[in-house]
1. Which Cα, out of 875, 736, 646, lies furthest along the positive dipole direction of the chain (beta carbon charges, K/R +1, D/E -1)?
2. If the only charges are +1 at each Lys and Arg Cβ and -1 at each Asp and Glu Cβ, what is the size of the charge dipole of the chain around the Cα centre, to the nearest 20 debye?
3. Nearest 0.05, what FRET efficiency do residue 52 and residue 594 give at R0 = 51 Å with Cβ-Cβ as r?
4. Can you work out the PRE-style zone for residue 484? Point 7 Å along Cα to Cβ, and I want the residues of region 499-532 with backbone N under 20 Å.
5. Compute the distance from the alpha-carbon center of region 416-447 to that of region 125-161, in whole Å.
6. Give the peptides 164-175, 53-64, 615-626 in descending order of average Cβ contacts within 10 Å, highest first.
7. Over region 352-491, give the accessible area per residue in Å² for a 1.4 Å probe, as an integer.
8. At 7 Å along the Cα-to-beta-carbon direction for both residue 557 and residue 854, put a label point, then send me their distance in nm to one decimal.
Amino acid sequence: MQRLGGIVKRLAWIALVLAIVLIAVATGVLGAITLRSLPQTTGSLAIAGLDKSVRIDRDASGIAWIEADTPHDLFLAQGYVHAQERMWQMEVWRHISSGRLSELFGSSTLGEDRFVRTLGWRAAAERDLEALAPDTRAWVDAYATGVNAWLAEHRGNLGLAFVVTGLKAGIGGLGGYDPEPWTALDTMAWQKVQAWQLGDNFDGEIFRMLADAQLGDPARTDELFPAYGADMPVITPGGLRGSGGAGRTAGGPVPTPAAGAAENGAATAVRASPAVGDPAAWRDVAALSGRVLRLAGLDAGDGIAGDHQVGSNNWVVGPSKSATKAALLANDPHLGIAMPSVWFMNGLRCRAVAKACPFDVVGVSFPGVPGVILGHNARIAWGATNVGPDVQDLFSIETDAANPLTYMHAGKALPFLIHHETIKVTGGEPVDLVVRETIHGPIVNGVDDRLDDAPLLALHWIGTDGVDGTLESLLRVNTAGSFEDFHAAFKGYGSPSQNFVYADVDGHIGYVLPGRIPIRADPKDHGVRIRSASDGRHDWQGTIPFDDLPWQLDPPSGLIVTANNAAVDASYPHVIAADWDPGYRAKRVTELLDVAIADGGVTIRDSREIQSDTALLRAPAIVSALEDAEPTTADGALLADRIRAWRSLDCPTESLGCAAYLAFEYRLIRGLFDDELGRLAREYVGQGSSWEATIALLSKPDSPWWDDTTTADRRETRDEIVSAALDAAGKELRAAFGEPDRWTWGSLHTTTFREATLGSSGIGPLEWYLDKGPYPAPGAAGAINNTYYRPSRAYPDPDDPTYVPVGIAGLFEVTNLPSYRLAIDMADLDGARIVQTTGQSGNPFDTHYGDLIDDWLHGESVPLPFTPEAVRDASVQVLQLVPDATPR
């Protein structure tokens, strides 16, 4: 026995030693893979394709300044730097835009690929590429050369994401799989992903179709989407110079679908509720677009009911309102949460700025795309928020009874244009996809086999309807020197339509709303419901002329503020959109700017503080409902007391009042709409429209919406639903967090920066390696510091019986946030401040992988030097790229 015990002990020691050796080997392999993925940022590198040397300075935050003699070398070097820092991100993005995710991730992404292939993003990008001006095409090709120079150097030595994906897909080993060369088309196709995210309203039309069927009356559906508030700001009201010829009176109501129906009478084809087929399948098709965007780190928010609260802010202040008597600009566009950020901060400078090489610009860029998307040059600065234009229309298609290969339009039978797609699936057989095209776009039924026998719906989207010159416009903006240049640069701009604000060193401020926005033939068609294609009365009649699109230059107010609020009022002669952000953020920004003006003028410090403001202006209208509430539990009563005492309306992480309010608001909205909407409630609750509908119904205590239709024996009242919401919220908080002193907003509201593919795999070691968080986060949906979450996660998934809904501890986890912040005084270009959400690097364990998270969370920022002297002074690393003369 003693000997046996010795053997067992010896075997245990051997096993332990082997485990230690295996861990050491694995750690060594992991360390080697990690180290080889880190970029070289000092010394010299010989790069194929360069004409002359390029200097790259990086500062303490990793912001890269690229300096070259020619645009060719400048953009080649930018492509190389983007690849150094973000190649995996770029690789995923190009697979998204081409509908080829399943080649990397297998059948789990087949739905996304079917969706993208059906819509034809890649083919549309090919048309855009062919239409580029020769100089722009040369710049895009040079950028691709830079990416490919990096890929050529690193074949067999790629980072962990390439290794894991290659091993899983059976296409690579410990060196990683071998990515295809980067092409100009890869660059152009990324714009389609952006345009899809920031356009409207494919999913909203599907929601209204399903809601009409669920509620039995389109008028009830319309109640879910109240009109834009008459007291909310309009960016370019009628009567203001540049208001697109609207010019009768400033202000006035903003067009909405409900208002349009009341004024014009019901438009039968527009307000009809067509047969829908399988509602679950249509929900899934609509949700696919959101899943595509989440993989790209461009989360489109939650639900399919229109306004997703992915809100952005920008403003410009004229000299008469600023403390320095110069123009100021601030911008914080809000996008999805991701690791790394969707943005890369860099500058591009020609050593001798002249016509042949005109670039001297800094700001944020998209990895995979040349140039600066948002930022400033030596003369002008610009920022953007999303307009949310309605550029996606669904058409009901009727096949010809005599020939199913044709469909009816305006009394004629037209042939479907049919093309075939083959989707390669790693670990599985290829999938064939047949796409039927109409003059109104592709038939989207083919995305989901359950819709084969459903009424046919075609999607007309501006992003695939004709040539889109967005990239070319943005590169022209990079070199604009005046408002006239800036405005003219957008003439070829397609999508996504943005509220671009402008400031320059001469003290001018301005605004441009560019883009291709359809004009619908039927004046009753506000673009919110499916319309018939058969009679031809609802076709698009071109797009709004560029000269009619809103713009401003030095308005009398001395301020321009945009926050996804209504761009125009009812006097504007065209329909831009029907669903706007409710307007609270724009109103709050304006209020805070007015305070700063009265205190001596706005400074960039004021702008930075405003960007971090967390007040919820909608709250008082909902808090008023507590006046007659009578919660039946002690915790419900405690919440009511905390909400009443929450007078600041702010949502810092330590706030008890904000946590109480938002837990109650969520339960109140569910109490109002869950019963009538059924499975559709998860698509609607938490949208901005759900806040506004709740506020409207609070003043209508006799509305049938207050009655819980699941209780047939009684009729509930408004005050009962309000009281029940307090009790339910208190019960949830108690169960999740224990004692009430722990019910802080930061306990509920956390931010985790996840890599969108492997970092969300559910594999613990990979998530540890790639992700950062969770962190308690300030802000809330509807605040200037606008963060959003997915309430749908708290509902059962009607298509997945294994899904376990999250409780309140996971409900408010952030999914959308301010993706970057910039504040600049045009009198001091070297004094600009910037931050993005994570850090410059996409390589785990790099110094700049997540080093900006703390600054972002606390509303801090880092310097953005501009002049050559300031860039040199801030430089901590210098890399020289030199031409590689080695024969190849």
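The values are calculated or read from the model by the stated rules, or taken from the named source; none is laboratory data. Everything numeric in this text was worked out from a predicted model, so none of it was measured. Don't worry about glycine lacking a Cβ; one is built from the backbone with ideal geometry, like all the others, and counts go over all protein chains shown. When the accessible area is computed, the model is the full protein with side chains, heavy atoms only, and any ligands, DNA or RNA have been set aside. Shrake-Rupley method; radii C 1.70, N 1.55, O 1.52, S 1.80 Å.
1. 875
2. Details: 72 positive and 113 negative charges, 365 e Å.
Once rounded to the nearest 20, the dipole reads 1760 debye.
3. In this case the efficiency is close to 0.50.
4. Counting backbone N atoms under 20 Å from the label point, the list is 502-513.
5. Centre-to-centre (Cα) distance: 27 Å.
6. Values: 164-175: 16.2, 53-64: 22.0, 615-626: 19.4.
Result, highest mean Cβ count within 10 Å first: 53-64, 615-626, 164-175.
7. Dividing the accessible area of region 352-491 by its residue count gives 37 Å².
8. 3.9
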